[in-house]
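A short write-up of the structure that comes next.
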Amino acid sequence: MSFSDHARLRSICTAGALAGLALLAACTSGPAYAPPQTSTGPAFDGPALLTDMRGRVSVAAAATRTDQLFRNALVYRLNGADPVSSPLYEVRYVVTALDQVTSVESGTGVPSAASYRMQADYTLIRLSDGETIGAGSRFSTVPYDRNSQLYASQSAVEDARARAARELADRVGMAVLPLSLIHISEPTRQAEI
């Protein structure tokens with residue numbers, strides 16, 4: 001390679017790096033509860049923000065420890081640290097969980113790997129009229145390792161269950177929030193007419 005080939009290669013690499021940086025600079029993602037950004041800063045005069053929904057979505061009571069892990073994570077996902085006051089909506093759910101061994105050590109028969117699968121069937125209810133706004137099902141599968149030590153294996157199962165509950169709550173929350181935002185303005189419009 002001659003000097004000019006090295007210079008051309010260097011200029012191509014530089015142009016590619018600059019194009020990559022330009023694409024990264026165009027990224028407009030941000031926190032779910034943050035106000036939309038403008039060139040001069042946050043825009044507070046736009047449509048209703050997700051912050052208007054904080055503390056307005058209740059979650060049905062839990063019946064089991066697995067339900068409680070899911071419920072706690074979902075309440076935090078939907079409302080943050082804000083207590084639920086004057087709820088507009090309620091999420092009702094049924095959680096099922098399955099701990100399944102996926103690998104067994106040869107010779108000893110001791111489980112060495114497993115997966116914890118948690119599924120939630122949920123319904124979003126508008127409390128003002130009891131109407132079902134949306135319903136669906138989401139699941140989460142978390143792999144984990146087991147060994148012959150009873151305490152370590154039990155701890156691994158508990159950690160997998162907690163992680164599956166958090167992941168599942170994130171998925172259900174991402175499905176429920178848009179539904180509640182779409183329907184939040186309907187009672188207001190009907191009251192204005």
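If we scan the range 78-91, do we find a residue that is at pLDDT 95 or above and open to solvent by 30 Å² or more (accessible area, probe 1.4 Å)? Scanning the range 78-91 turns up no residue that is at pLDDT 95 or above and open to solvent by 30 Å² or more (accessible area, probe 1.4 Å). Looking only at the range 120-163, filter to residues that are polar (S, T, N, Q) and in a helix (DSSP H, G or I); which one of those is farthest from ASN72 (Cα to Cα)? My answer is SER153. Residues of the range 106-134 that are open to solvent by 80 Å² or more (accessible area, probe 1.4 Å), of a type in the set (D, E, K, R) and more than 21 Å from ALA62 (Cβ to Cβ): ASP129, GLU131. In the range 113-131 there is at least one residue that is at pLDDT 70 or above, of a type in the set (D, E, K, R) and over 30 Å from ALA164 (Cβ atoms). Within the range 51-70, the residues that satisfy the criterion of being part of a helix (DSSP H, G or I) and in contact (Cβ under 8 Å) with a residue 40 or more places away in the chain are ASP52, MET53, THR66, LEU69, PHE70.
Contact map, the range 90-108: residues that are on the phi > 0 side of the Ramachandran plot paired with residues that are open to solvent by less than 80 Å² (accessible area, probe 1.4 Å), Cβ distance under 6 Å, separation 6+ or inter-chain. No pairs are found. Say whether the condition of being open to solvent by 60 Å² or more (accessible area, probe 1.4 Å), modelled with pLDDT under 80, of a type outside the set (A, V, I, L, M, F, W, C) and closer than 30 Å to ASP145 by Cα is met by at least one residue in the range 28-45. For the range 28-45, residues open to solvent by 60 Å² or more (accessible area, probe 1.4 Å), modelled with pLDDT under 80, of a type outside the set (A, V, I, L, M, F, W, C) and closer than 30 Å to ASP145 by Cα: absent. For TYR151, the test of being modelled with pLDDT under 95 and not polar (S, T, N, Q) is passed.
The values are calculated or read from the model by the stated rules, or taken from the named source; none is laboratory data. Because the structure is predicted, anything quoted here is derived from the model rather than measured. When we count neighbours, we look across all protein chains shown, and the Cβ atoms used for this are built from the backbone with ideal geometry, even at glycine. Areas reflect the complete protein model, heavy atoms only, side chains present, ligands, DNA and RNA absent. Shrake-Rupley method; radii C 1.70, N 1.55, O 1.52, S 1.80 Å.
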